[in-house]
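The values are calculated or read from the model by the stated rules, or taken from the named source; none is laboratory data. The structure presented is a predicted model; accordingly, all values stated were derived computationally and were not measured. Every residue, glycine among them, receives a Cβ derived from its backbone with ideal geometry; neighbour counts consider all protein chains shown. Surface areas here come from the heavy atoms of the whole protein model, side chains and all, with no ligands, DNA or RNA. Shrake-Rupley method; radii C 1.70, N 1.55, O 1.52, S 1.80 Å.
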Amino acid sequence: MCLAVPGRVLDIGEKDGTRMATVDFGGVQKEVCLEYLPDLQVGEYAIVHVGFALQRLDEGSAKQTLELFAQLGMLQEEFGDPWEQAAAVGGDPWPFTDDPDPASDLVPGPASAPAPALAAPQEDVQP
């Protein structure tokens with residue numbers, strides 16, 4: 001589902017001649033085009049759909065909507081990792097973590113013999 005989600009403008013710049021902003025959606029930050037709202041300022045809220053700020057929104061309405069979306073799980077649905085969501089729908093646990101220590105992802109089990117080393121066949125080469 002694609003939602004029009006309220007977000008708060010954090011900063012404004014230009015990219016390839018287009019007015020762009022970094023917008024915060026309840027903790028998730030995305031780059032958004034401001035061409036439809038050229039006078040939008042840092043700190044203001046806007047409704048954003050498919051990467052375009054479409055309408056200015058007051059802070060109270062924006063926060064109320066973000067809270068409702070969060071309660072309904074719609075922010076995760078809109079901004080979450082689609083691969084993680086697919087794994088959850090399929091009933092499988094998400095196999096990846098943000099843990100920088102890959103050894104912590106190993107499941108303890110019976111020790112196995114080390115894999116045999118691969119070696120290229122040795123041939124005699126005649127000059």
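Remarks
- Verdict on Lys63 being modelled with pLDDT of 85 or more, open to solvent by less than 100 Å² (accessible area, probe 1.4 Å) and not in a loop (DSSP other than H, G, I, E, B): no
- Residues (touching a Leu at 6+ places or on another chain (Cβ under 8 Å), closer than 20 Å to Gln64 by Cβ, open to solvent by 20 Å² or more (accessible area, probe 1.4 Å) and part of a strand (DSSP E or B)) located in region 1-44: Asp24, Val28
- In the set (1) modelled with pLDDT under 80; (2) exposed (fewer than 10 other Cβ atoms within 10 Å of the Cβ); (3) part of a helix (DSSP H, G or I), Ala88 fails one condition alone, (2).
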